[in-house]
Amino acid sequence: MAKIAPPDWIFHTLAALTAAQMLRADLAMDDFSEHAGAVLAKTYPGDAELVVEVWALAFDMLHVLSDAEVDDAPDLLCAFAEHCLLKMPNGHARRLKRLFGSVLDAEEKSRYRVEEGARVLRQFTFAVSNGVRPVCNDDFPRQSPPELAPLLDGFLLATHWFADEPAP
């Protein structure tokens, strides 16, 4: 099978940052799709459904946070995105440097699912409400790891131009 899709942790990160940007800019998610989709297509050109699924997961994430009655939803979404980038599901630190290739390299299409991302955010929200997980660093996502700069910085610039804050 051709490798065309991002790893699930990148998919979760992009959806969480999309939802956070939408809340901060107070605009519809559809307004972000054209610019962020162009950035995603540069890195994952073979996955035509990626942009639609990122928006679907971002929408589901907003429902999870609404159901949990989270007060600081944009901050929690950024903390979740940072957690996805820096930690493996088992809690160990994620290795972002590889001997061959890049952590951004495409994987098989079936590697990510919208339902899985909402479930992982629900678990993270529960852990935060019980004081288990730390909140996000103040400089994230502006100071993203350099290995992720080709995708993450472009994605943030594409979605951030709606916000009142200066671009990262």
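The values are calculated or read from the model by the stated rules, or taken from the named source; none is laboratory data. Keep in mind the model is a prediction, meaning the values are calculated, not measured. In this analysis, Cβ positions are derived from the backbone assuming ideal geometry, glycine residues included, and neighbour counts consider all displayed protein chains.
Odds and ends about this structure:
- Restricting the stretch 47-62 to residues that are out of contact with any Ser or Thr (no Cβ under 9 Å at 6 or more places or on another chain) and closer than 21 Å to Ile4 by Cα, the residue that is surrounded by the most Cβ atoms within 10 Å (Cβ to Cβ): Leu50
- Taking the numbered list (1) under 17 Å from the mean Cα position of the chain (by Cα); (2) modelled with pLDDT of 70 or more in turn, Ser144 passes all entries but (2).
- Residue count for the stretch 55-95 satisfying the condition of being of a type in the set (Gly, Ala, Ser), more than 20 Å from Leu40 (Cα to Cα) and under 12 Å from the mean Cα position of the chain (by Cα): 1.
- Leading residue by the ranking (nearest to Val64 (Cα to Cα)) among those in the stretch 12-37 that are modelled with pLDDT of 70 or more and surrounded by fewer than 24 Cβ atoms within 10 Å (Cβ to Cβ): Leu23
- The stretch 107-125, residues that are out of contact with any helix residue (DSSP H, G or I) (no Cβ under 8 Å at 6 or more places or on another chain) and either crowded, with 20+ Cβ neighbours inside 10 Å or modelled with pLDDT of 90 or more (or both): Arg119, Gln123
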